[in-house]
Amino acid sequence: MATQRPERFDQVNWEEVAGAGRFSLSTNAKGLLVTTIPLLALAAYDWLVLDERTPTFEPVGLNVDVPILDYMFAFTLLLFAFYVVLPLYQHPRLTKYYWREFRRNRPAVVSLVWLGVVFVLGLVGPLLITSPEQNVLHSYQPPVYLSVNAANAATCAGEVVDGMCFGTWQYPLGTTRAGKGVFAMLVNGFGITLKIGFISTFIAVVLGASVGTVSAYAGGWVDEILMRYVDIQGSWPTLIMYLLIIYTFGGRLWLLILLLGTFSWEGMARYVRSKALSISEEEYIKAINMSGASAFRVVRRHVVPNSASSIITDITLLIPGFLLAEAQLSFLGLGDTSVDSWGQIIAGGRDALAFAPWIVLAPGLVLFLTILAFNFVGDALLDALNPEAAAEAER
Amino acid sequence: MGFTRYVTARVAWAGVVTFIIMTVTFVFIAFAPNPEVKRAATQAALQGGDPTEAVERVRELRGLDQPLHVRYIDYVTSIATLQWGWSTMRSQPVTAALVEALFYTAQYSVPWTLLTITIGPLVGLYSSANKYSWRDHVATGFAFFGYAIPNFFFAIILLLVFGVWLEWVPVIYRTTVPVFSVENAIQLVLPVFVLVTGSIGGLMRVSRNESSEYMNADFVKTARAKGVSPLRAYALHILRPTMVPLSTTMVGQLLLLFAGSSLLIEVVFSIPGLGRLLFEATIAQDTNLVLGSILVFVLVAVIGNLLQDITYTVLDPRISYDDR
């Protein structure tokens, strides 16, 4: 797609904007394809050539294994880069407008910075700081600058003054009962959070947008059945169902991510459906239909982009829900105990709350801040992306 | 379609939803590995018996050797006739266990619901009447705080501060105290407080945004010009249209919290209510009790949604019954 568009309408090269041939791909799609093919090749190589226990990069001398979940995660990251970040760069005028609107909400700007920190730490952190090892000698070390009664810590890693054990920079946020550093666990938890957020959201958006558009376009009994299903899913006590399924099949992270994504898209489907219905009444859609555009093209080029604002605001509500559900299930002891998610750290520190509150407080506060940040950002995005709603509310 | 017909159709649909959800649950449990059978096999193997024979015996005893459709019909009739079976975990009929648990759940749910539906809209209205003042900012900040802090985390922290450090409230829930007593009120303060802060935020936001739409509406201006007192203007002219969209959020929010947070809150505060019963039944793999408590949660959700739709049409006469 053209990055410098002419400012005047009559100078627009429509061939270039709309794509000349049937099979011409946009820059975004090309980029996604070019990056996804090596990823798929690596996944296929990992799955077909290497046996299960060989780490993925062993043939080139690196002892790095890539679990299946990470392929999914990488793919959703690529999608995010090519269909959220790149379009913002391609349309600088619109991006500036959104940013101007967004900036008016101060807490939202701060929240966006925090979410950026979560994103970067989650991507880079687990690569730099590996998951901490157990060290029973260093259990219940206090955070740096704080002190606890030395009787509570097995052996104090820092100085002991008057029977009080002081924290060290070796464990900036103290340690757990097993002597794992809370800070290192937390950083790994950022990575888990990103995976939950990205993959579950991807599943929910794909399902919600497809059901919404199919329902609106097919009409009749298809619409009726799909929307009735959406009703049922809406009145289903989901947490209880997760509890039952995860208890039966074991709390692996990928299962949880799959469940969260698969049973949370009903709101999105409703939005997209009503948007698709209202759009199909618009004059320009009638014009496009008359000039022979296929239903798929109308959906792809007009319905989905037009419902993007509601999809994005819905995502900012979905992700906190996912994080909360993971934390709740972990707290009940049903999460994946092999990963250091924030919920797992909270669950692990609960028994030691009275004398080692940092184990629960650190991940709890981070979880709280992240959910809060999503709420503020969602609020500001709603105003920025959907000025009609804002105007209505302010009137 | 008239109102009566709409309500009838809606009630019928609620019945269908319950039926579908319970069928799916049944199919799920029927195909999931049965713990009792596994336990019997292990036991037989340990005692030197024949595991296959033991499995057969348990399956016969539990009626699992019958074909699926026979078991399904059995299951549906027993649900309809309120014979929900015997709970092995509690050694009492499932219905009795549920009624007992409901007694404790109601003790915190009733004050929580009442407080939420009175305080939420009122604070939202107050907020929008004083829009962009410091009071509005405080209320908004509180709303966001309550909405964003994970309920169970908040509960743990409060229990640590007020139960362990300050010792103002008991750490362990006591079931022996009478319902209407000071001791009971004290031990229920924290759970109710946590749940109210969690559920009030969304309601406050919606009622603030919706009522600010009507603050300067023509009909409110007319009412004020005619000399209607401010209180009456707020209560009858602004609050009433606000309640229409609010009622949807209200029921939805409360239901979501009821199914999710009440479980966690009961686990944290060790209240022997419905949520904990379901959780413990799942852990103990007491199939009858799991099904029974799930049915209770499903019924609450379905009835809540039903009431929400009906109130919606009662409050807003413009909504046509045809396009729901």
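Every read-out reported here was derived from the displayed coordinates using simple, explicitly stated rules and does not represent laboratory data. As the structure is a computational prediction, the values presented were derived from the model and not from experiment. With ideal geometry, Cβ positions are generated from the backbone for all residues, glycine too; neighbour counts draw on all protein chains shown.
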- Note on the structure: Helix B:274-284: inclination vs chain B longest Cα principal axis, degrees, rounded to 10, gives 30 degrees
- Any chance you could list P(r) for the range A:207-246, counting all Cα-Cα pairs in 5 angstrom bins from zero, rounded to whole %? 6, 23, 22, 18, 14, 10, 7, 1
- Quarter of Cα convex hull surface for chain B, i.e. mean projection, nm²: 22.7 nm²
- Once you sort the root eigenvalues of the Cα gyration tensor of the range B:191-269 as a ≥ b ≥ c, which label holds: rounded (a/c under 1.5), prolate (a/b larger than b/c) or oblate (the other case)? prolate
- Give a residue-ordered list of calculated ³J(HN,Hα) values for the range A:212-227 (Karplus: 6.51 cos²θ - 1.76 cosθ + 1.60, θ = phi - 60°; whole Hz; x for Gly, Pro). x, 6, 4, 4, 5, 7, 6, x, x, 6, 4, 4, 4, 5, 4, 6
- Task: Using just the helices of the protein assembly as shown, give the 222 nm mean residue ellipticity in deg cm²/dmol: DSSP H runs with n ≥ 4 each add -39,500 (n - 2.57), and the total is spread over all residues, rounded to 500.
- Result: -22500 deg cm²/dmol
- Note on the structure: Counted neighbours (other Cβ, 10 Å), sorted fewest up, put B:112, A:236, A:221, B:165 in the order A:221, B:165, A:236, B:112
- Item | Spacing of the two label points (7 Å from each Cα toward its C-beta) at residue A:229 and residue B:133, in nm | 5.2 nm
- Message: Quick check of the Kirkwood formula: for the protein assembly as shown, what is the inverse mean of 1/r over all pairs of different Cα atoms, in Å?
- Response: 28.8 Å
- Taking 7 Å along the Cα-to-C-beta vector as the label spot, tell me the residue B:224-residue B:118 distance in nanometres, rounded to one decimal. 2.8 nm
- Query: Taking amide hydrogens as modeled 1.01 Å from N in the peptide plane, which residues meet the under 5 Å criterion relative to residue B:92, leaving out close sequence neighbours?
  - Reply: B:87
- Query: In the structure shown, do any of A:96/B:131; A:195/B:38; A:30/A:96; A:96/A:275 have a Cα-Cα gap over 30 Å, and if so which?
  - Reply: A:195/B:38
- Query: So for B:262, A:26, A:291, A:139, fewest C-beta neighbours within 10 Å to most, what's the order?
  - Reply: A:291, A:26, A:139, B:262
- Item | Residues with amide H under 5 Å from that of residue A:175, placed H, sequence gap 5 or more | A:140, A:141, A:182
- What is the spread of the Cα atoms of the range A:294-346 along each of their three principal axes, largest first, in whole Å? 50, 19, 15
- Query: Averaged over peptide A:229-235, how many Cβ atoms belonging to another chain are found within 10 Å of each residue's Cβ?
  - Reply: 5
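Could you give the semi-axes, largest first, of the ellipsoid that matches the range B:3-92, computed as the square roots of 5 times the alpha carbon gyration tensor eigenvalues and rounded to whole Å?
In descending order, the three semi-axes are 37, 13, 11 Å.
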- Semi-axis lengths (Å, descending) of the ellipsoid that matches the C-alpha gyration tensor of the range A:197-303: 33, 15, 9
- Note on the structure: In Å, the C-alpha Rg and Dmax of the range B:165-229 are 21.2, 58
- Query: Helix B:35-46 versus the longest principal axis of chain B: what is the Cα-based angle in degrees, 0 to 90, to the nearest 10?
  - Reply: 30 degrees
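Output the direction-averaged projected area (hull surface divided by four) of the convex hull of the alpha-carbon atoms of the range A:188-395, in nm².
Answer in nm², one decimal: 14.2.
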- Message: Just to confirm the number: angle between the C-alpha axis of helix B:3-31 and the first principal axis of chain B, 0 to 90 degrees, nearest 10?
- Response: 40 degrees
- Diffing the range A:190-206: the Karplus 3J(HN,Hα) column from phi (6.51, -1.76, 1.60, θ = phi - 60°), in whole Hz with x for Gly and Pro, holds 4, x, 4, 4, 4, 4, 4, x, 6, 6, 4, 4, 4, 4, 5, 5, 4
- How much space per residue, in cubic angstrom, does the convex hull of the C-alpha atoms of the range B:33-140 take up? 210 Å³
- Note on the structure: The convex hull of the Cα atoms of the range B:169-324, divided by residue count, gives a volume in Å³ per residue of 161 Å³
